[in-house]
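Structure record follows, encoded as C-alpha cells.
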C-alpha cells in the first residue's frame, strides 16, 4: 500500500491540473446553460404578470388561461396546474401549485449541483495537486542531490495547481449563488401570483 501511495505521489500534480481544466469546461457549459434558461424564465414571468393580474381582477378564467398559454415557462406551468384544479377548491389548488413549483424548481436547479460541488471542492483538489508536486520536488532533490534551485522550481510548478483550483472555484461559487437567488425569486413570485389566482377564483365557466 505504501509503495502504491508513493507511486501516486511521484506522478506530481500535472494530472490534477488537467482534471481541473476538464471540470472547468463542464462548469462553463453549465453556467451558460443555466444563464440562458433563467434569463428566458425571468422574461416569461415578467411578461406574464400584467395580463394574468388583469384576468384575475376581472375574474376571467379564459383570459387567465390565454395569458398562461401566451407566455410558456416554469411559472406558467405551475400556475396552470393551480388554475386547472380551482374547481376542486382553494386548498386543492394550493397543494397542486406547491407540488408543481417543487417540480419546476428541481428542473431549474438542474446542473447547479456541478457548480456547487466545484465551488466547494476545487480549491482542495488544487491543494492536493500542490502537495503531490511538493512531494515529487523533494523526491527529485533526494535522488539527484542537486541544489535548492531544483526544489524551488518544483515548488513553483506545484503551486500552479492551487491557483488553478481557485480559478475554477471562484466563478462556480459566484454563478451558483446568483442562480440560486434567481430560482428562489422566480419561485417566490410565482407562488405570490398563484395565491392571487386562487384567492381571485376566476369563474371557469366564463
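Got a sec? Which of 29, 64, 54 is buried (at least 19 other Cβ atoms within 10 Å of the Cβ) and over 13 Å from residue 190 (Cβ atoms)?
After ruling out the rest, the residue left standing is 64.
Please report, ordered by residue number, the helices (runs of 4 or more DSSP H) entirely within the range 70-179 with at least 1 residues that are modelled with pLDDT of 90 or more, in contact with a helix residue (DSSP H, G or I) (Cβ under 9 Å, 6 or more places away or on another chain) and closer than 25 Å to residue 16 by Cβ.
Per the criteria, 112-144.
The values are calculated or read from the model by the stated rules, or taken from the named source; none is laboratory data. Bear in mind that the values here come from a model prediction, so they are computed numbers and not experimental data. A quick note on method: Cβ atoms are made from the backbone with ideal geometry, for glycine too, and the neighbour counts reach across all protein chains shown.
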